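The values are calculated or read from the model by the stated rules, or taken from the named source; none is laboratory data. Fair warning: this is a prediction, and the values are worked out from it, not measured in the lab. Because the Cβ atoms are built from the backbone with ideal geometry, glycine has one as well, and the counts that use them run over all protein chains shown.
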């Protein structure tokens, strides 16, 4: 005796479910094999900046927790302190020099306003203290901007005596 659901044999649903599971598993394996570029550590970010920007001498870097973007501080090129944004783009890393004023703090991390087609680039999990770590290689102006990224203190928890 065959059981039917809405006139369709139950065996059809079992075969269809098995095929669907196989297709989903194959798609997952293919997707894992095509992993794009990722910044795994500060050294990768500094190497990417040095390779893309002529005369850039990287000295320190901070990488977002998701590995999609990083800030690299350095010098060279006669410009004094320099700052570079390195981000993953497809299967390669791209870098561009940015101004310290393009960096701002948000609750989720740092955002770099690149302007043009680059738009806003989030650096997830990086805070103002991490950016401040890049500033010792920077000019006094860059240090002042980095210190200004720190959010104002929360005064709602101040206890009055």
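In the set (1) touching a residue at least 40 places away in the same chain (Cβ under 8 Å); (2) touching a strand residue (DSSP E or B) at 6+ places or on another chain (Cβ under 9 Å); (3) surrounded by fewer than 20 Cβ atoms within 10 Å (Cβ to Cβ), the condition left unmet by residue 69 is number (3). Of all residues in region 90-105, those satisfying the criterion of being in a strand (DSSP E or B) and surrounded by 14 or more Cβ atoms within 10 Å (Cβ to Cβ) are 93, 94, 95, 96, 97, 98, 103, 104, 105.
Restricting region 108-127 to residues that are modelled with pLDDT of 85 or more and outside any strand (DSSP E or B) leaves a set whose member that is farthest from residue 69 (Cα to Cα) is 127.
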